[in-house]
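Q: Can you keep this structure in mind? I'll have questions shortly.
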Amino acid sequence: MNQDRHQLRYRQIHLDFHTSPHIPGIGQKFNKKRWQETLQAAAVDSITLFSKCHHGWSYHPTKVGKIHPHLSFDLLRQQYDATKEAGINAPVYLSAGVDNLASYEHPEWREVNKDGTYTGWAQRSLQAGFHMMDFHSPYLDYLCEQIREAVLLFPDCDGIFLDIISQYQSCGRWSLDFMKANGLDPEKEEDRKESSRLALEKYYQRTTEAAKSLRADMPIIHNAGHIPRGRHDIFPFFSHLELESLPTGGWGYDHFPMSAKYACNLPLDFLGMTGKFHTTWGEFGGYKHPNALRYECAAMLAYGAKCSVGDQLHPNGTLDPSTYEIIGEAYREVEAKEPWCQGAEQVFDLAILSSEAESHTHRDAPSDEGACRVLLEGHFLFGLIDRTMDFARYKALVLPDDIRIDAELKPKLDAYLAQGGRLILSGDSGLWKDRAEFAFDLGAAYDGLSPYYPPDNEPNRGHDYLLPVPELRVPFVNMPQVMYERSHRIRVTKGESLGQIFDPYFNRTWDHFCSHQHTPNQEQPSGFDCGVRHGNILYFAHPVFRHYRAYGAVAYREFIAKAIRAFLGNALTLSTNLPSTARLSLTTQPSKNRHILHLLYAPTVSRGGVMQLSGGNTSGGKSVEVIEELPPLHEVEVTLRPPAPVSSARLVPCGTALPLERQGDRVTIRLPKFSCHAVVEIS
């Protein structure tokens, strides 16, 4: 770990305070002693406080903006002084990308879509919601003055948090003027995107400059709800990362591990940001079960993150007792486990080369998600990287589904293979970017894409059947299983086949179909293979990771996982009998000469129907994954191939010794029982 980087605290609160101008008595029930006692009882060591909210109101006297019309005193100063007096850190928050007060007073500063509607939450004048602002407009000057004022008022604050950092393809007045002045055509999408990119570039430079106007070491975070993979150009503007990921708010429970496995490869400290809410941000009166928050915070520790829990302060200024009892249950456990997390580094066998980073999509790519799910559920030790990072530390690289090879990537992968590295490819991955030929010797002849596709003729979808070789099958499937995406046609020539492809009798058309969905498979194999292992390369002919993300069939996952295990063999650091719903990570604390094994288990249940909420990731209509019970797992085994002899293993922080069984260079650790989170110190 880079000791010069900004170090975060472990037990943080992100205290939303987006407050309507129509609510009276703002902060009237704030009580210094009750504030301090509530935070201390919940083991909180940092809380982010509001200078300006999404509504655009300030919570302190201001010469730049406007104080909330029903706030009669300096609420932020009262909160801030009480917090610092209690030894708790206090970063300061300003809404950056949305500001309803500014948009009301200056409607020309608001972002406008190419069709004339507004962007963001409220796309029509009579629609409730927050208003996105155009960073090409004078709003950016206004925002920077607000940041400078906050820094001047609170020069010893513990950071500046700037929120909602995005820029759509705005065609408002100022963006149109900018495009015209810079030779960009607003009728072309690529030019609108370039205008947005340049607006964000200007935003990052100027707001960071404003935040550091008094202190060069002022911590700063620009929150966009997602850390874009491969965007190293923006990281110099960050002091640390906050990985926003509310499982119940539309992100799900597999989103945070994926983000953390990328963030841990960056030279920045990071925290996970969940919420106390039952659904998503800004929810009053919604409470997550305490066990859910215990699990979420445990997962943050397991994947190398500090912890942050989002809350929404009531307009009267009082912290909700039920909320902080729930948070306290989780944070007291975090506090006890911190000594085994400080300075810990993740141990990895594999890395996924991010599809999102290669394609420059804004959010998670299905291929990344599918690969992460397969490896999480299969209990592999893996990270998530982009092409700029060091490949040499990994025993194998997974290129999931759609990573085609260009002139820059090819020599780097060749050097990696020459040093003994291994590649796991699937679907389009491994093909040249500009032609239908593989860039590597797969030990197989190539015959293009399968001609079998569904009636909608979507280019990525397909229809054939796969029968793995016996050792790669699940016990309950010994017949060809349907695959819903098109395969590449390969015939193994000098490698080892992973199994056979069976073609359907024909494509499904309006006058030429069979049954409800699929034409059945022909009885004889097609002569093409479903994958190949050749030397240091393993290739799956289907886009298996995207396929698992979309359909979730256990037989698919086990085929992939078994093939990877057979391919890597003794190179894998560990194996376990944990169920697929459990999670596992391994870290090392070099300064203490020990490894730390994290075991996680909390079954999730989909409850309720599709929700239609105003704002947040659930606004498109999603159901909620809930954690309630934390049933124990019994007779858990983890077999390790440690880098050095192991003298002892014990559960921490309780200190209970665990028996070790040695066999050759392997050590097996057995836990009679654990619930939620077990931390094992291996010395």
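Q: Could you please find all residues in the stretch 605-642 being surrounded by 12 or more Cβ atoms within 10 Å (Cβ to Cβ), at pLDDT below 70 and within 20 Å of the chain's Cα centre (by Cα)?
A: Hits for the stretch 605-642 are 615, 616, 617, 618, 619, 622.
Q: Checking residue 155 against (1) touching a residue at least 60 places away in the same chain (Cβ under 8 Å); (2) in contact with a Lys or Arg (Cβ under 9 Å, 6 or more places away or on another chain); (3) surrounded by 17 or more Cβ atoms within 10 Å (Cβ to Cβ), which test does it fail?
A: The failed condition is (3).
Q: At least 1 residues that are at pLDDT 95 or above, touching a helix residue (DSSP H, G or I) at 6+ places or on another chain (Cβ under 6 Å) and closer than 20 Å to residue 50 by Cβ in each: list the helices (runs of 4 or more DSSP H) lying fully within the stretch 242-340 that qualify. Full working, then the answer.
A: Numbers: elements: 255-263, 290-302, 321-337.
Output list reads 321-337.
Q: Now a separate question. Considering every residue within the stretch 116-131, establish whether at least one is farther than 20 Å from residue 282 by Cβ, touching a Gly at 6+ places or on another chain (Cβ under 9 Å) and either part of a loop (DSSP other than H, G, I, E, B) or at pLDDT 95 or above (or both).
A: Pass one, the stretch 116-131, residues farther than 20 Å from residue 282 by Cβ: 116-117, 124-126.
The next check asks that each one be touching a Gly at 6+ places or on another chain (Cβ under 9 Å); those that pass are none.
No, the stretch 116-131 contains no residue that is farther than 20 Å from residue 282 by Cβ, touching a Gly at 6+ places or on another chain (Cβ under 9 Å) and either part of a loop (DSSP other than H, G, I, E, B) or at pLDDT 95 or above (or both).
Q: Tell me, which strands (runs of 3 or more DSSP E) wholly within the stretch 486-551 include 2 or more residues that are among the aromatic types (Phe, Trp, Tyr), within 20 Å of residue 428 (Cβ to Cβ) and within 33 Å of the chain's Cα centre (by Cα)?
A: Numbers: elements: 488-492, 499-502, 531-534, 537-540.
In the stretch 486-551, 537-540 are the strands (runs of 3 or more DSSP E) which contain 2 or more residues that are among the aromatic types (Phe, Trp, Tyr), within 20 Å of residue 428 (Cβ to Cβ) and within 33 Å of the chain's Cα centre (by Cα).
Q: Then there's this: Considering the stretch 70-88 alone, what residues qualify as being small (Gly, Ala, Ser) and in contact with a helix residue (DSSP H, G or I) (Cβ under 8 Å, 6 or more places away or on another chain)? First the steps, then the outcome.
A: Going residue by residue through the stretch 70-88, those that are small (Gly, Ala, Ser) are 72, 82, 86-87.
Within the stretch 70-88, 82, 86 qualify.
Q: Search the stretch 109-130 for residues being charged (D, E, K, R) and touching a residue at least 60 places away in the same chain (Cβ under 8 Å), and hand back the single one that is surrounded by the fewest Cβ atoms within 10 Å (Cβ to Cβ). Can you show your working first?
A: Here is the first cut: in the stretch 109-130, the ones charged (D, E, K, R) are 110-111, 114-115, 124.
Narrowing further to those that are touching a residue at least 60 places away in the same chain (Cβ under 8 Å): 110-111, 114.
Details: 110: 26, 111: 29, 114: 14.
The qualifying residue surrounded by the fewest Cβ atoms within 10 Å (Cβ to Cβ) is 114.
Q: Among the residues in the stretch 248-255, are any among the aromatic types (Phe, Trp, Tyr), under 23 Å from residue 147 (Cα atoms) and within 15 Å of the chain's Cα centre (by Cα)? Quick ask: steps written out before the conclusion?
A: Taking the stretch 248-255 first, the residues among the aromatic types (Phe, Trp, Tyr) are 251, 253.
Still in the list and also under 23 Å from residue 147 (Cα atoms): none.
No.
Q: Moving to a separate point now. Is there a residue in the stretch 270-281 that is under 20 Å from residue 382 (Cβ atoms) and either touching a residue at least 60 places away in the same chain (Cβ under 8 Å) or surrounded by fewer than 24 Cβ atoms within 10 Å (Cβ to Cβ) (or both)? It would help to see each step written out before you state the result.
A: In the first step, residues of the stretch 270-281 are kept if they are under 20 Å from residue 382 (Cβ atoms); the result is 270, 272.
Filter once more, so that each one left must be either touching a residue at least 60 places away in the same chain (Cβ under 8 Å) or surrounded by fewer than 24 Cβ atoms within 10 Å (Cβ to Cβ) (or both): 270.
Among the residues of the stretch 270-281, at least one is under 20 Å from residue 382 (Cβ atoms) and either touching a residue at least 60 places away in the same chain (Cβ under 8 Å) or surrounded by fewer than 24 Cβ atoms within 10 Å (Cβ to Cβ) (or both), which makes the answer yes.
Q: Here's something else I'd like to know. State yes or no: is residue 414 among the charged types (D, E, K, R) and within 20 Å of the chain's Cα centre (by Cα)?
A: No, not satisfied.
The values are calculated or read from the model by the stated rules, or taken from the named source; none is laboratory data. Note that the structure is predicted; figures quoted are calculated from it, not measured. Ideal geometry is used to build each Cβ from the backbone, glycine not excepted, and the neighbour counts take in all protein chains shown.
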